[in-house]
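Working notes for the structure below.
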Amino acid sequence: MALRPILIAPDPRLKRHSEPVGAVDDGVRQLVADMFDTMYAAPGVGLAAIQIGLPRQVIVIDLQREDAPRQPLALINPVILSRSPVTTAREEGCLSLPEQFAEVIRAAAIAVRFLDREGEVRTLVAEGALATCIQHEVDHLDGVLFVDHISPVKRSIILRKLVKARRHQTLAPA
Ligand code: NI
């Protein structure tokens, strides 16, 4: 089990674009395992590799409640094939924006193509919270955070809070 430190906004590395994975090998499977460990420990429901500083197109998701059996979903090189014209608004958070939440409007349903941990091509049609989560995580691969979807005023309030929280943490006695 390996936990990786999670980058916190406004870290400029979160703005980077992630590159596709060439081949799903043991190195990639180890990265996926570390990302699940890191996400579950946080705890969170989704994590993109760029959030641990690696600009690679790998995301992990598990929307199960903590007291339910785990349902890990790893998506490598995900591509959103289609988005429903119907939208939905859900409150989102992000491990890179701790304790910050905002309502974001996204497609209510999507189809996504990706490679699984065995390197097999899969297509998944998702709706509800899973559709929201996949769109949120795929955004990370393009350097986009959920706050980029809300008003500039709300965004700057959230980012200011994060900078302030970090400053307090740095100054706090050990
Ligand atoms: Ni996020």
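Derivation of every value follows stated rules applied to the coordinates shown; laboratory data play no part. Predicted model, so just to flag it, every value in this text is computed and none were measured. A quick note on method: Cβ atoms are made from the backbone with ideal geometry, for glycine too, and the neighbour counts reach across all protein chains shown.
Roughly how many debye, to the nearest 20, is the charge dipole of the chain about its Cα centre, given +1 on each Lys and Arg Cβ, -1 on each Asp and Glu Cβ, and no other charges?
740
If I take every Cα pair under 8 Å that is 6 or more residues apart in the chain, average their sequence separation and divide by the length, what percent do I get for the relative contact order? This gives 23 percent for the chain.
Can you tell me which of 32-45, 4-17 comes out highest on packing, and rank the rest after it, using the mean Cβ neighbours within 10 Å?
Highest-to-lowest ranking by the protection proxy: 32-45, 4-17.
When each of 151, 96, 18, 84 is scored by the number of other beta-carbon atoms lying within 10 Å, the sequence from fewest to most is 151, 84, 18, 96.
Across region 102-112, computed HN-Hα scalar couplings (Karplus, 6.51 cos²θ - 1.76 cosθ + 1.60, θ = phi - 60°) run 7, 7, 10, 9, 9, 4, 6, 9, 9, 10, 10 Hz from first to last residue, x flagging Gly and Pro.
Taking only the C-alpha atoms of the chain, Rg followed by Dmax gives 16.0, 51 Å. Compare 46, 119, 93 in a GNM of the chain, Cα atoms joined below 10 Å, and give the one with the largest fluctuation. For the chain, modelled as a Gaussian network with Cα springs under 10 Å, the answer is 119. When the charge dipole of region 14-163 is built from unit charges on Cβ atoms (+1 for Lys and Arg, -1 for Asp and Glu) and taken about the Cα centre, the candidate among 61, 133, 75 whose Cα reaches farthest toward its positive end is 133.
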